[in-house]
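Enquirer: What follows is a single structure, and I will ask about it in a moment.
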Amino acid sequence: MKRILTAAAALLFSVAIFAQSNDSPPPGGQQTRGGRPPMSADQRAKRETDQMNSLTPLGDAFTKVLDVNTQTAKQRESIMNGARRSDLTEDQKAQLKSLNESHKANLKAAMGPDLYAKYEAARKAQGDQRRNEGGGQPGGNGN
């Protein structure tokens, strides 16, 4: 009886270990969500611009904002070089911080101060709403 139980336990452990060993990251070291391949900088910029447009209609500024977002996404990709945010060096983090500040300034120039102020207000309201509903990101500020 002990042999059967031991064999069954060994079989269960070997199945669990085998299942874990097949969870290797995709080629290139890129992590994906839901099995989707990573997005290109252009795809991320388009998605971000579409989200901005749904939050605050951009109108004529759409193409300018798309250009700013595309340029920033490519620079961000270059800085991060495939690394996860948690694996960045202090220098890379400083470069990203500087890039984010210039991105905001470039967005303001592309959108104009009035539209940019409306966008920021809508973005803040959306973040507040997420936090109030409990939908904020864990460990973050929801923005």
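No value in this document is a laboratory result; all are computed from the given coordinates. Small disclaimer: the values here were computed from a predicted structure and weren't measured. Glycine gets a Cβ as well: all are built from the backbone with ideal geometry, and neighbour counts include every protein chain shown.
Enquirer: Modelling each spin label as a point 7 Å along the Cα-to-Cβ direction, I'd like the ASN81/LYS2 distance in nm, to one decimal.
Expert: In this crude label model, ASN81 to LYS2 measures out at 5.7 nm.
Enquirer: Full-extension gain between GLN51 and ASP114, please, as 0.36 nm times their residue separation minus the C-alpha to C-alpha distance.
Expert: Answer, rounded to one decimal: 20.8 nm.
Enquirer: Within 12 Å, Cβ to Cβ, of SER102, how many net charges do the neighbouring residues add up to if Lys/Arg are +1 and Asp/Glu are -1?
Expert: For residues surrounding SER102, the net value is +3.
Enquirer: Within 10 Å, count the other beta carbons around each residue, average over each peptide in 69-75, 122-128, 49-55, 81-87, and list them highest first.
Expert: 69-75, 49-55, 122-128, 81-87
Enquirer: Starting from the Cα of LYS124, step 7 Å along the direction of its Cβ; do the same at ASP60; then give the gap between the two resulting points in nm.
Expert: Each label point is offset 7 Å from its Cα along the Cβ direction, giving 2.7 nm.
Enquirer: Report the dimensions of the stretch 40-133 along its three principal axes from the alpha-carbon atoms, largest first, rounded to Å.
Expert: Taking the Cα atoms of the stretch 40-133, the three principal extents are 36, 33, 22 Å.
Enquirer: Right, something else. Simple spin-label model, 7 Å along Cα-to-Cβ: LEU99 to GLN43 in nm?
Expert: It is 1.8 nm.
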